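The structure appears right after this line, and notes come after that.
FYI, it's all coordinate maths here, none of it is from the lab. Nothing here was measured: the structure is a model prediction, and the numbers come from that model. All Cβ positions, even for glycine, are placed from backbone atoms using ideal geometry, and neighbour counts span all protein chains on display.
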Amino acid sequence: MNVLVINCGSSSLKYQLINSDTEEVLAKGLCERIGIDGSLTYQKAGLDKEVTTPAMPTHKEAIQLVLDALTNDKTGAIKDLSEVDAVGHRIVHGGEKFASSAIIDDEMLKAVEECNDLAPLHNPANLIGINACKELMPNVPMVGVFDTAFHQTMPEKAYLYGLPYEYYEKYKVRRYGFHGTSHSFVSKHIAEFLNMDINNSKIIVAHLGNGASISAVLNGKCIDTSMGLTPLEGLVMGTRSGDIDPAIMEFIANKEGLDIAGVMNVLNKKSGVQGISKVSSDFRDLEEGMNDGNKLCEAAIEVFSYRVAKYIGSYVAALNGVDAIAFTAGIGENAPLVRKKVVSYLGYLGITLDEEANGNRGKDLVISTPDSKVKVAIIPTNEELAIARETVALVK
Ligand code: ADP
């Protein structure tokens, strides 16, 4: 089966066409600046990227352009649209309504819309992408895969905040967690990779990208994760603060003359390692800065790594032990320095880093020494493939 995977944001759209039998990516790319000045990137497997700037006033034209590129006579990956057997859409927030992926129909879309409140920037954009696809491919089955679904197994003690219960009753204010597709994919994959029985396993997944989150997975089910009602909670991220004393919000608002939107903007876009270092949200720049003697770049890396290590410690408590720890996403897969710093806090678990293995990047690899009591591994994530697999499972 060929599955078109669509990840639609407010002004961008990423896509991959995946052959689900071979799990090969046939073509991929993205549309950027939809509604502004639009650009389309398209790359068929084995060929160079093509970048064009056709008119792209709405997501509908963007998707039409993607479909045209996929079926183009010269570099198209398929002959015509009949070769697209299903579409898998990433949807950010499924609230408490979706504990797993779901076939897209009118009733399902209504339930997604009811979650818009919880992700006002993301869910409406996801819905626009879905509706545009439905118009252009009315007879192709479509599936929604939620960032929050994997975390719906969290127990009440993990998802309730210490807030008036009526906010949960009235507005569903609770912890949801994100990156669920990645946490699900990586926790299953590390179990396979290490020949573990997932039904009898304690796994911690550290998804460390520009957005970063950690999850505790017991017997294949998520029991806790670091992001909350929104992706702002938890780890120190590229530009997000992660956990802070909530009273800082009032303090900064008064000092800097900011309203609540202004404070939120600081916490989401001007904080994290970018805010601490004053240099960059990208760990490549931070490492370079640190090597050039920039103390704030070094501090940013230290704060980031220490927070990851503290979360791992708390999840060892939540799981009452741990069998394996996975590092994934941009930083987790590619930054030996961060992995080394994090693992340096885990000696109490009987973990020693295999320095040579840790020098590698981007492939499934154990980076703890053979005598370590807990296995630590790099496990590259693949959210598009995970979405394609979920889609096939529901459509078949
Ligand atoms: P997201 O999907 O949240 O945008 P990614 O998982 O793609 O993020 O991660 C992007 C981040 O990964 C970059 O901002 C950078 O900090 C980090 N990164 C990527 N490549 C490297 C590398 N070679 N060394 C260190 N950090 C890297």
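Annotations for the structure displayed:
- Between Ile276, Ile260, Ile223, the distinction of being surrounded by fewer than 23 Cβ atoms within 10 Å (Cβ to Cβ) and in contact with a strand residue (DSSP E or B) (Cβ under 8 Å, 6 or more places away or on another chain) belongs to Ile223 only.
- Among residues of the stretch 380-396 being in contact with a strand residue (DSSP E or B) (Cβ under 8 Å, 6 or more places away or on another chain) and part of a loop (DSSP other than H, G, I, E, B), the one that is surrounded by the fewest Cβ atoms within 10 Å (Cβ to Cβ) is Pro380.
- Hits in the stretch 84-121 (condition: in contact (Cβ under 8 Å) with a residue 24 or more places away in the chain, crowded, with 16+ Cβ neighbours inside 10 Å and outside any loop (DSSP other than H, G, I, E, B)): Ala86, Val87, Gly88, His89, Arg90, Ile91, Ala102, Met108, Val112, Leu118
- From the options Gly313, Gly321, residue that is surrounded by fewer than 18 Cβ atoms within 10 Å (Cβ to Cβ) and assigned to a helix (DSSP H, G or I): Gly313
- Pairing each residue of the stretch 331-359 that is aromatic (Phe, Trp, Tyr) with any residue that is away from the ligand (no atom under 13 Å from the Cβ) and not in a loop (DSSP other than H, G, I, E, B), provided the two are 6+ apart or on different chains, yields C-beta distances under 7 Å for Tyr345/Ala309.
- Complete set of residues in the stretch 122-148 that are over 26 Å from Ser226 (Cα atoms) and touching a residue at least 40 places away in the same chain (Cβ under 8 Å): Ile128, Gly129, Ile130, Ala132, Cys133, Glu135, Leu136, Met137, Val140, Pro141, Met142, Val143
- Counting only helices (runs of 4 or more DSSP H) that sit wholly inside the stretch 130-220, those with at least 2 residues that are within 16 Å of the ligand (Cβ to nearest atom) and under 30 Å from Leu81 (Cβ atoms) are 180-193.
- Residues that are among the small types (Gly, Ala, Ser), within 16 Å of the ligand (Cβ to nearest atom) and out of contact with any Leu (no Cβ under 9 Å at 6 or more places or on another chain) were ranked within the stretch 227-270; the one that is nearest to Met154 (Cα to Cα) is Gly234.
- Across the stretch 281-299, the qualifying residues are those that are more than 8 Å from the ligand (Cβ to nearest atom) and small (Gly, Ala, Ser), and the one among them that is surrounded by the most Cβ atoms within 10 Å (Cβ to Cβ) is Gly289.
- Tally, over the stretch 6-62, of residues that are more than 27 Å from His93 (Cβ to Cβ), not in a strand (DSSP E or B) and not polar (S, T, N, Q): 10
- Taken over the stretch 328-379, the residue count meeting the criterion of being more than 16 Å from the ligand (Cβ to nearest atom), farther than 22 Å from Asn291 by Cβ and part of a helix (DSSP H, G or I) is 4.
- Condition met for Asp224 (among the acidic types (Asp, Glu) and closer than 22 Å to Ser314 by Cα): yes
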